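Report on the following structure.
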Amino acid sequence: MSSPTFHDGKDLQDTYSLLDFAMEHSSLPFGITSSVYVPTDPLLKQFGGGKEDPERYRFRMTRAALAGTLVHNTIASPSRQHYGWFDKIVRIYEDFGVPQAEFMPYWRNQKAVQVARGEDIYVSLYRDRERPQVLAVIAHIAHEHRDQEVEVRLDPAAFGLAAWSQAEEMLTAPDPDYDRLFAEKNRARIPVEIGDYGIEAVRFDGKALTLTLNHHGVAIVRFTGRR
């Protein structure tokens, strides 16, 4: 790939805007699945290639693409991206029951969630229809490379709950099942080496969730409440 879209440390979000992800790379507007295709082939050295491990380069590029798509209820195409991201997301979504959950996107969940701190932070939610649980997708979508501390507050009353008892960031949570991927032989086609999720200092005091989120990053947080 030699497009200037990805030269010198750039990723998909250096070119695509929030509206690009919402309209051109989302299955929501027309009900038709859109596979967001992101080439992640190593760059030539004159364009900034060779500075990152190839698997971790794909990890970073995939992170930026998924930050733009996941809040729109869309998973990017795994073709030529970092396989490990998709393995994790599919298992997290399956365990929570995302296909059966109520999707509450950032553009119509303002009564349920507040971004108290952070710029260009978008939060979409999946509400379990039976259990007192909500899965929050928290993403930074902007051209700027802004690493920042983020604070998000979910109103338990908006979900018919008395209070929150726990919030766990799922991408960085212990995941022993992931180790099985390293036994695969053809690693050129399924990169699995974990890079930097860009998620640090996750704290929850029962009301406010705070974390440090790197630019063009995404966090997936499971909230559990009590009625």
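Remarks
- For region 147-166, the candidate set comprises residues that are out of contact with any helix residue (DSSP H, G or I) (no Cβ under 8 Å at 6 or more places or on another chain) and among the hydrophobic types (A, V, I, L, M, F, W, C); within that set, the residue that is nearest to Ala116 (Cα to Cα) is Val152.
Residue-wise test of (1) farther than 20 Å from Pro105 by Cβ; (2) among the small types (Gly, Ala, Ser); (3) surrounded by 17 or more Cβ atoms within 10 Å (Cβ to Cβ).
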residue	(1), (2), (3)
Gln133	no, no, yes
Ile138	no, no, yes
Glu144	yes, no, no
Pro156	no, no, yes
Gly160	no, yes, no
Ala201	yes, yes, no
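- Selection over region 189-208 of residues that are over 17 Å from Trp85 (Cβ atoms) and either free of Cβ contacts under 8 Å to residues at least 60 places away in the same chain or out of contact with any strand residue (DSSP E or B) (no Cβ under 6 Å at 6 or more places or on another chain) (or both) gives a count of 8.
- All conditions but one from (1) out of contact with any Pro (no Cβ under 9 Å at 6 or more places or on another chain); (2) loosely packed, with under 11 Cβ neighbours inside 10 Å; (3) within 25 Å of Pro132 (Cα to Cα); (4) not polar (S, T, N, Q) apply to Asp177; the one that does not is (3).
- On the stretch given as region 79-97, residues that are surrounded by fewer than 18 Cβ atoms within 10 Å (Cβ to Cβ) and not small (Gly, Ala, Ser) total 7.
- Any hit, region 13-28, residues being in a loop (DSSP other than H, G, I, E, B), over 14 Å from the mean Cα position of the chain (by Cα), at pLDDT 80 or above and crowded, with 16+ Cβ neighbours inside 10 Å: yes
- Answer from Gln110, Gln100, Gln166 - the residue that is in contact with a Phe, Trp or Tyr (Cβ under 8 Å, 6 or more places away or on another chain) and surrounded by fewer than 14 Cβ atoms within 10 Å (Cβ to Cβ): Gln166
The values are calculated or read from the model by the stated rules, or taken from the named source; none is laboratory data. Keep in mind the model is a prediction, meaning the values are calculated, not measured. A quick note on method: Cβ atoms are made from the backbone with ideal geometry, for glycine too, and the neighbour counts reach across all protein chains shown.
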